[in-house]
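The values are calculated or read from the model by the stated rules, or taken from the named source; none is laboratory data. Everything numeric here is computed off the predicted structure, so don't read it as measured data. Ideal geometry is used to build each Cβ from the backbone, glycine not excepted, and the neighbour counts take in all protein chains shown.
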Amino acid sequence: METFWNTIAAYNAATWPAQLVLTGIGVLLTTLLVKRPSRGVRIAMKLYMAALNFWIAGVYFLVYCEPRQYHSPQALFWAIMGCIWLYDLLVKHASLERTGHHTIFARVLFAMPFLYPLCSLALGRSFPEITSPVMPCSVAVFTIGVMLAFSERINIVLAMFLCHWALIGLSKVYFFGIPEDYLMACSIVPALYLFFREYIQAHENRITKPSVRVLNSLLVILCLIIGAFILFTLLHQLDLFAEI
């Protein structure tokens with residue numbers, strides 16, 4: 001755990017000006033997508049999302065997380081997601097037009113990257129050893145918000161990558177005692193359900209095996225299992241704090 005927080009501290013201390021710039025660009029582009037969603041803004045947002053993922057892959061994991069084990073596979077994971085955004089831009093898969101769906105939930109997700117440092121401070125940590133808005137889990141939460149608010153056609157591959165990362169984050173809560181990642185873990189269950197429900201509904205007129213009804217039931221069961229695991233880890237953390 002010491003190595004984990006030392007790498008975060010080194011990353012924040014060296015890159016906080018760049019993180020402020022990246023955060024400001026994200027706020028600006030999200031606002032423009034809501035207020036003035038022109039073609040240029042949509043292209044800029046996809047390029048920004050790709051750049052953000054490559055930043056996490058290259059700067060965060062390859063440079064500052066080099067002391068950690070398995071940092072290279074994690075860098076590859078985020079680089080692939082950056083490539084997915086570029087592919088999405090080239091094939092015009094997602095329009096990034098405001099859908100009007102899940103507006104309240106998306107707003108909550110947009111606020112979560114700013115809640116990460118507040119949670120760290122509330123837990124007694126201090127800068128630079130805190131979670132920040134431009135770190136993997138906060139970027140993942142922001143990405144989920146963008147997809148819910150602005151994508152009529154969900155990129156199911158990207159959604160699966162994000163869900164997988166959220167489950168990795170949940171394991172960090174359990175093994176390393178990082179309660180900040182509950183923000184992402186708790187958001188992924190409803191997001192997972194919404195992503196795959198919309199994907200299933202988009203194919204409801206096709207004959208599938210299993211049927212659409214069975215798929216919906218399996219989706220509910222999957223979300224209940226993940227939710228139960230989140231509850232278990234939460235209770236485990238509460239027991240640890242009680243012992244302290």
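Remark: pairs (first residue in the range 132-143, on the phi > 0 side of the Ramachandran plot; second residue of a type in the set (Lys, Arg); Cβ separation under 7 Å; 6+ apart in sequence or on different chains) are absent.
Of all the criteria given as (1) in a helix (DSSP H, G or I); (2) in contact with an Asp or Glu (Cβ under 6 Å, 6 or more places away or on another chain); (3) under 27 Å from Ala159 (Cβ atoms), the one not satisfied by Pro37 is (1).
Condition check ((1) buried (at least 17 other Cβ atoms within 10 Å of the Cβ); (2) part of a helix (DSSP H, G or I); (3) at pLDDT 95 or above) across all residues:
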site	(1), (2), (3)
Pro17	no, yes, yes
Gly24	no, yes, yes
Thr30	yes, yes, no
Tyr48	yes, yes, yes
Ser72	no, yes, no
Cys83	no, yes, no
Glu97	no, no, no
His101	no, no, no
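Scanning the range 95-141 for residues that are of a type in the set (Ser, Thr, Tyr) and within 16 Å of the chain's Cα centre (by Cα) returns Tyr116, Thr131, Ser132, Ser138.
What is the residue count in the range 132-157 for residues that are modelled with pLDDT under 90, of a type in the set (S, T, N, Q) and either buried (at least 23 other Cβ atoms within 10 Å of the Cβ) or over 18 Å from Thr30 (Cα atoms) (or both)? Adding up the residues that qualify gives 2. Evaluating Val173 against the criteria (1) under 25 Å from Ala57 (Cα atoms); (2) at pLDDT 65 or above; (3) out of contact with any Lys or Arg (no Cβ under 9 Å at 6 or more places or on another chain) leaves one unmet condition, (2).
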